[in-house]
Amino acid sequence: MDNLLDNAPCGFISLTNEGVIVAVNATLLELLGYQLDELSGQRLETILPLPSRLLFQSFFLPLLSAHGRAEELFFSLVSKNGREEPMLVNAIRRERQGLIVDDCILMPMRRRSLYEDEILRARKDAENAARLKIQAVISLEETQASLMARQAELLEANARLEALSTLDHLTGLKNRRAFQDYLVFQMAFTNRVPSQLSMLMIDVDYFKNINDTYGHPMGDKYLQMLSEFLRENLREFDMAARYGGEEFAVVLPNTDKATAMLIAERLRLSIASAAWPELGITVSLGVATLEPAINSETAFIFLADQALYASKEQGRNRVTHAADLRASSAVRRTLFI
């Protein structure tokens, strides 16, 4: 990194397209209190608080992947002493020395706000009779109001993401309400930014046998173990939820049909071969991928549920994708009205 960029009056960080830090300038290191070797090679998520981490995974990376640039996004970075530093981020994806990297410029919002306040006070103290200075104050006020409005929108989006933390008391996974809210959010995001969205419906085969044979406490233990299994075997940005009883649901952001089927089949095989306390268990899975004709989360869930039903009808312990079902015209009319 050349000396001018290293000591620029704003932060600079370069990431691989997987979010791994490859370069940081001295300005940003000084602001956050880290040494270069403490951040180099680490994933950016390690210094992002939860709301910014979710925005980074579900919006920032897909936006760069689709358009090659991201402008005026609001993130917070966690400094070495634990303080959150709000940042305005602009990024561009480019190829450098055979490697695809995301170069990001970071403007500290705390400092920017102080600078703007000082300028505004200076303008207001200036000659009120001078038309040019009055117009400059008005222009600055409008710019600041626009920036604050965009910041407020992003903070509101982060607050909505944090509100999705409602948990199922038995398994510790997200509950059905949180799952549906997150699915609505991801469907809206997918419609705004070209990307893929898939979901899984998972049901434990013959679960009643466990409750009848070993009692409901053992059945609860199986559900807790399966929930932990899902947490460990899904990607960080996927959401697993207990949909009801022994049925689970998973939202797979930025995931096409082929990838969703691979994830579902891997889960099925892993669960079937895992060590369980008493009886071994298997699961049936239904998979659905968002299509333009699906205009509600209810319709999307219905598709995955139909695929799950087909898996159980065809003998259980299998994966079925909704697109592979030959649904009757009556079902399709009901689904997409």
Considering region 136-145 alone, what residues qualify as being under 26 Å from L55 (Cβ atoms) and surrounded by 11 or more Cβ atoms within 10 Å (Cβ to Cβ)?
T143, Q144
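Residue by residue through region 14-37, note down the ones that are among the hydrophobic types (A, V, I, L, M, F, W, C) and more than 21 Å from the chain's Cα centre (by Cα). Give the steps one after another, and end with the answer.
Restricting attention to region 14-37, the residues satisfying the condition of being among the hydrophobic types (A, V, I, L, M, F, W, C) are 15, 20-24, 26, 28-29, 31-32, 36.
Once the filter is applied, which keeps residues that are among the hydrophobic types (A, V, I, L, M, F, W, C) and more than 21 Å from the chain's Cα centre (by Cα), region 14-37 yields V22, A23, V24, A26, L28, L29, L31, L32, L36.
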What's the number of the only condition in (1) assigned to a strand (DSSP E or B); (2) touching a helix residue (DSSP H, G or I) at 6+ places or on another chain (Cβ under 7 Å); (3) among the aliphatic types (A, V, I, L, M) that V89 fails to meet?
(2)
Any residue that is surrounded by 13 or more Cβ atoms within 10 Å (Cβ to Cβ) and either in contact with a strand residue (DSSP E or B) (Cβ under 7 Å, 6 or more places away or on another chain) or within 23 Å of F302 (Cα to Cα) (or both) - is there at least one of those in region 209-218?
no
Let me spell it out: the conditions are (1) in contact (Cβ under 8 Å) with a residue 60 or more places away in the chain; (2) closer than 22 Å to I100 by Cβ; (3) surrounded by fewer than 18 Cβ atoms within 10 Å (Cβ to Cβ), and E71 meets all of them except one. Which number is the exception?
(1)
Could you grab the pairs with beta carbons closer than 9 Å, sequence gap of 6+ or different chains, first residue in region 10-28 and assigned by TED's automatic domain parsing to the domain that holds R53, second one assigned to a helix (DSSP H, G or I) and among the small types (G, A, S)?
N17/S65
Kindly indicate whether A327 is at pLDDT below 90 and over 22 Å from N191 (Cα atoms).
yes
Selected residue (only one of I119, I105 is in the same structural domain as E156 (by TED's automatic domain parsing), aliphatic (A, V, I, L, M) and closer than 24 Å to T27 by Cα):
I119
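For region 39-58, indicate whether the set of residues that are assigned to a helix (DSSP H, G or I), over 19 Å from the mean Cα position of the chain (by Cα) and at pLDDT 90 or above is non-empty. Reasoning before the result, please.
Pass one, region 39-58, residues assigned to a helix (DSSP H, G or I): 39, 44-47, 50-58.
Then keep just the ones that are over 19 Å from the mean Cα position of the chain (by Cα); that gives 39.
The next check asks that each one be at pLDDT 90 or above; those that pass are 39.
There is at least one residue in region 39-58 that is assigned to a helix (DSSP H, G or I), over 19 Å from the mean Cα position of the chain (by Cα) and at pLDDT 90 or above.
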Only residues in region 186-197 that are at pLDDT below 90 count as the first member; pair them with residues that are small (G, A, S), Cβ under 6 angstrom, at least 6 apart or cross-chain, and list the lot.
V193/A66; P194/A66
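Does G280 satisfy being surrounded by fewer than 14 Cβ atoms within 10 Å (Cβ to Cβ) and either within 20 Å of V319 (Cβ to Cβ) or under 21 Å from the mean Cα position of the chain (by Cα) (or both)? Walk me through it before giving the result.
Working: surrounded by fewer than 14 Cβ atoms within 10 Å (Cβ to Cβ): yes; either within 20 Å of V319 (Cβ to Cβ) or under 21 Å from the mean Cα position of the chain (by Cα) (or both): yes.
Yes.
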Among the residues of region 25-46, is any surrounded by 20 or more Cβ atoms within 10 Å (Cβ to Cβ) and in contact with an Asp or Glu (Cβ under 6 Å, 6 or more places away or on another chain)?
yes
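Does L269 satisfy being over 25 Å from P51 (Cα atoms) and part of a loop (DSSP other than H, G, I, E, B)? Even if it seems obvious, please write down each step before you answer.
Values: over 25 Å from P51 (Cα atoms): yes; part of a loop (DSSP other than H, G, I, E, B): no.
Judged against the criteria, L269 is not a match.
The values are calculated or read from the model by the stated rules, or taken from the named source; none is laboratory data. All values derive from a computational prediction rather than experimental measurement. Don't worry about glycine lacking a Cβ; one is built from the backbone with ideal geometry, like all the others, and counts go over all protein chains shown.
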